[in-house]
Amino acid sequence: MPGGSGDSFLPLGPPMPLAVSVDAIRSIHRMHRQLEDLRGRIAAGPRAIDASSKEHDAAALRLQGIQEEVKKARLAGDQKQLQLRSMEVRIRDGETKLNAAKTNREYQLLGEQIAADKAAKSVLEDEILETLERVDQLKAAVPPVEAEVRAASKALDDLRQRVAGERGSLDAEVARVSADLQSAEKELPTDLLDSYRRVVKSKGADAMAVLEGVSCGGCCQQLPPNTVAELTTGRVVSCRSCGRLLYASGTG
Ligand SMILES: [Zn+2]
């Protein structure tokens, strides 16, 4: 039941340092936001490293893909070279037989065979040329991707170093603000402390909100006039709709 009856946490009666309490809740709110921001920055480090690492891996994978294509194209070229060698042997063999041909029929058949082999050889030679061109093209694509991998690797290293370097000061800052927050919380009046703990537990840094005109700065709901009046006199009141601890921005 957020906010309870929505009444003030600083009742009238015994002299209470109202302004001090608003100042306290304001600086406590600021410290919660600082902590949230610091923790967000701490969490952003590993996320950035993860993203950078993925970029590096993607580039490395592209490089590997191109290198494999180069290898395949070379292999295909080598196989065609072997086919060409055996084709040349076959043609020479046929020409020897042609010279020794005993009949016109045999001569004619061998002649046709040699002509067919020569045509096939010419096709093979064209194919070998194409394969060599393809190997050259693929090889030309390697250096830029290698450069990409190197750049991604350097970016990742730099980022890791930067994140590790920043981590120490962020942790120190968290420890400092946490200690400040703890001592500031000790200054809160006991009746406010329970609501404060409850709402901070559920909303974190969003547990407090500033009065915006006549509305809650957290949920934007319009507040009853008496609540606004209480807030402007320097009280801390919890919002009836969202439960946030409200305070007037006041001075400072
Ligand atoms: Zn609200």
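Structure notes:
- Short to long, the 5 Å bins of the Cα pair-distance histogram for the stretch 36-186 hold 2, 8, 10, 9, 8, 7, 7, 6, 6, 5, 5, 5, 4, 4, 3, 3, 2, 2, 2, 1, 1, 1, 0, 0 percent of all pairs.
- Neighbour counts of C-beta atoms inside 10 Å place Leu132, Leu181 in the sequence Leu132, Leu181, starting with the fewest.
- Remark on the chain: Cys220 stand apart, with no other cysteine beta carbon under 4.7 Å.
- Based on Cα contacts under 8 Å between residues 6+ apart, the chain shows a relative contact order of 37 percent.
- Ellipsoid fit via the Cα gyration tensor, the chain: semi-axes of 88, 19, 11 Å, each the root of five times an eigenvalue, largest first.
- The chain - share of DSSP beta bridges that are antiparallel (%, nearest 5): 65 percent
- Spin-label model, Glu106 to Arg92: label points 7 Å out along the Cα-to-beta-carbon direction sit 2.2 nm apart.
- Bridgeable lysines around Lys54 (alpha carbons under 25 Å apart, same-chain partners fewer than 8 residues away excluded): Lys139, Lys154.
Bear in mind that the values in this text are calculations on the coordinates, not laboratory data. Values in this document were obtained by computation on a predicted structure and should not be read as measured data. All Cβ positions, even for glycine, are placed from backbone atoms using ideal geometry, and neighbour counts span all protein chains on display.
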